Amino acid sequence: MTQVSRIVILTGAGISAESGIDTFRDSGGLWEKHSIEDVATPEGFARDPDLVLGFYDARRAALADVEPNAAHTALARLERDFSGDLLLVTQNVDDLHERGGSTTICHMHGELKSALCTSCGTRSPWETTMIDRPPCPVCQAPTLRPDVVWFGEIPYQMRRIEEAMMGCDLFVSIGTSGAVYPAAGFVQQAKRLGARTLELNLEPSEGTSIFHEARHGPASELVPAWVEEVLGA
Ligand code: BV8
């Protein structure tokens, strides 16, 4: 591994798979049990808010039953010990990067443990349910929705991500199928900007041929080994 000074990491559902959180597109995944249109779009929420609130309530509750895995803790070690710049961008809405010890995390698709009030726009930490229409902690209106980015909505912190991509010399994609934009386009952008690009995934993603290098296997093995390489370089 050549010496690098500025790394951008993008993670997807695959990094949490070994912790027991369903991915979206693997067999048995979330999108097999629910249609994207029904549970991950503003239209689906308007059509059947109880279905959507129940879907996210169940996923939020399930966080109590899972633990971060060696891939999450390896990225936290990288954040602690890497002397250069590091930005961890995740598409995941779970809290396993935080619980694995990472502190600088860009949740570009939001978080299960955050509530967004559709009346006053306040975001509040949220651990429990929304289907019972609890009052917004600020304006008291019973109008909380999951603070996640649905299809057709604009991902969060895009400017911060773009800025980090501009200067990075290594872009690493971990556990994502490369099926959803704009995240799936980051590798192309990084490459165009002169960064080296590395894919760490269980199997080749949709964009695997774009990466300079791709390693395939479970994140809990690939990520600690890669972190060791970077820190030992
Ligand atoms: C936007 C949050 C405009 C909610 C999610 C046509 C062309 C291009 C784009 C579009 C298009 N039509 C529509 C669009 C836009 C659309 C899109 O991309 N649609 C797709 C379906 C074509 N995108 C949007 O709407 C986005 N917004 O475009 O706004 C804009 C753009 C830029 C700037 C300004 C404005 C918003 C998309 C966000 C949707 N929200 N999640 C929730 O979580 O419920 S998406 C959801 O799926 C995830 O967040 C994630 O982002 C995405 C992909 O999932 P992955 O994480 O990759 O998981 P997946 O199951 O797919 O894959 C798992 C991978 O892990 C696999 O490869 C597997 O091999 C691997 N794996 C499994 N086990 C392991 C493993 N790897 C390692 N170890 C293991 N053990």
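Descriptive notes on the structure:
- For the chain, a Gaussian network of Cα nodes joined below 10 Å ranks G110, G175, G44 by mean-square fluctuation, and the top entry is G44.
- Gyration tensor over the Cα atoms of region 93-135: the corresponding equivalent ellipsoid has semi-axes (square roots of 5 times the eigenvalues, largest first) of 22, 12, 8 Å.
- Based on C-alpha pairs under 8 angstrom that are at least 6 apart in sequence, the chain has a relative contact order of 24 percent.
- Distance from region 89-140 to region 171-212 (C-alpha centre basis), Å: 26
- In units of the compact-protein estimate 2.2 N^0.38 Å, the chain shows a Cα radius of gyration of 1.02.
- Note on region 132-233: Cα-Cα pairs beyond 23 Å make up 42% of the total pair count.
- Value of relative contact order over region 16-153, rounded to a whole percent, pairs C-alpha under 8 Å and six or more apart: 21
- Calculated FRET value between E162 and A64, using beta carbons and R₀ = 35 Å, to 0.05: 0.50
- At q = 0.11, 0.16, 0.19 Å⁻¹, base-10 log of I(q)/I(0) for region 79-186 (Debye sum, equal scatterers on each alpha carbon): -0.42, -0.82, -1.05
- Computed from phi, the 3J(HN,Hα) profile of region 90-98 under the Karplus parametrisation 6.51, -1.76, 1.60 (θ = phi - 60°) reads 10, 8, 7, 9, 7, 10, 6, 5, 4 Hz, with x in place of Gly and Pro.
- Of all DSSP beta bridges in region 83-230, antiparallel share, percent nearest 5: 35
- Here the 3J(HN,Hα) profile of region 168-176, calculated from phi with Karplus coefficients 6.51, -1.76 and 1.60 at θ = phi - 60°, is 7, 10, 8, 10, 10, 10, 10, x, 9 Hz, Gly and Pro shown as x.
- Two-site FRET efficiency, C120 against E37, from Cβ-Cβ distance with R₀ of 35 Å, rounded to 0.05: 0.80
- By the beta-carbon count within 10 Å of each Cβ, the least crowded to most crowded order of F151, F55, F186, fewest first, is F151, F55, F186.
- Annotation: extensible slack from T143 through I131 equals 3.3 nm (criterion: 0.36 nm per residue apart, minus Cα-Cα distance).
- Added length on full extension, which subtracts the Cα-Cα distance from 0.36 nm per residue, D48 to S27: 5.0 nm
- All-pairs alpha carbon distance profile, region 109-166, 5 Å steps from 0, percent: 4, 19, 24, 20, 15, 9, 5, 3, 1
Since every read-out is calculated from the coordinates, none of them should be taken as a lab result. Just so it is clear, the structure is predicted and the values come from calculations on it, not from any experiment. Note: ideal-geometry Cβ built from the backbone for every residue, glycine included; neighbour counts use all protein chains shown.
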